[in-house]
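Read-outs: derived from the displayed coordinates by stated rules, not from any lab. Since the structure is predicted, the reported quantities are computational estimates derived from the model, not experimental observations. Here the Cβ is made from the backbone with ideal geometry for all residues, glycine too, and neighbour counts use every protein chain on show.
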Amino acid sequence: MAKDLMRYDVMAQEALRGVVKQALHKAAGPGGLPGQHHFDITFRTQAPGVDIDPTLMDKYPEEMTIVLEHQFWDLEIGDAGFEVTLKFSGIPKYLKVPFTAVSRFHDPSVGFHLQFEHETDVEEPPMADNSETPEPEAAQATGSDSAGEGAQVVSLDSFRKK
């Protein structure tokens with residue numbers, strides 16, 4: 001079999017990150033999250049472009065899961081990532097997360113789950129700097145993902161050549 005010079009694996013991941021981006025756009029809209037929908041988003045805290053409070057970095061040195069449900073503020077979605085303010089122990093914290101840093105996306109209300117591979121040889125696009133200061137509030141963070149029972153996992157392994 002020929003070498004995949006097209007990098008379909010990378011294209012598939014980018015397409016699936018588009019699902020995350022569209023879901024966040026809907027959540028950032030005037031109506032907020034519809035129905036019972038809410039998101040558990042896990043991301044690599046050391047990934048290029050991630051900007052989180054040093055206290056959060058100390059607590060979650062590799063990976064962090066945030067929950068966007070009832071209390072989140074200033075959700076802004078850009079081409080390369082998203083920004084949001086969440087409360088941790090009652091204190092508002094600003095987070096800036098490139099889509100390339102996201103490792104898992106889960107909507108437990110409908111059992112939808114995406115998992116992403118991290119390619120170290122893929123160049124990650126820089127996030128645009130937003131000069132606005134976000135206003136705080138938000139969800140909860142956990143050290144690990146909590147996949148719901150019966151969740152649908154979309155793994156890119158089935159698309160990779162062996």
Pop the C-beta distance of Lys26 and Asp58 into the FRET formula with R0 = 35 Å and round what comes out to the nearest 0.05. 0.60
Tell me whether segment 44-101 comes out rounded, prolate or oblate; compute the Cα gyration tensor, take square roots of the eigenvalues as a ≥ b ≥ c, and use a/c under 1.5 as the rounded threshold. oblate
Give the peptides 77-83, 51-57, 25-31, 97-103 in descending order of average Cβ contacts within 10 Å, highest first. 97-103, 77-83, 51-57, 25-31
What FRET efficiency comes out for the pair Met11/Ile91, r = Cβ-Cβ distance, R0 = 30 Å, nearest 0.05? 0.15
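Which entries in the list Lys26/Lys87; Lys26/Lys93; Lys3/Lys26 go over 32 Å, if you measure between the two C-alpha atoms of each?
Beyond 32 Å between Cα atoms: Lys3/Lys26.
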With a cut-off of at most 12 other beta carbons within 10 Å, and DSSP calling the residue loop, which GluC sites (Glu not before Pro) in segment 1-81 qualify? Please list them. Glu62
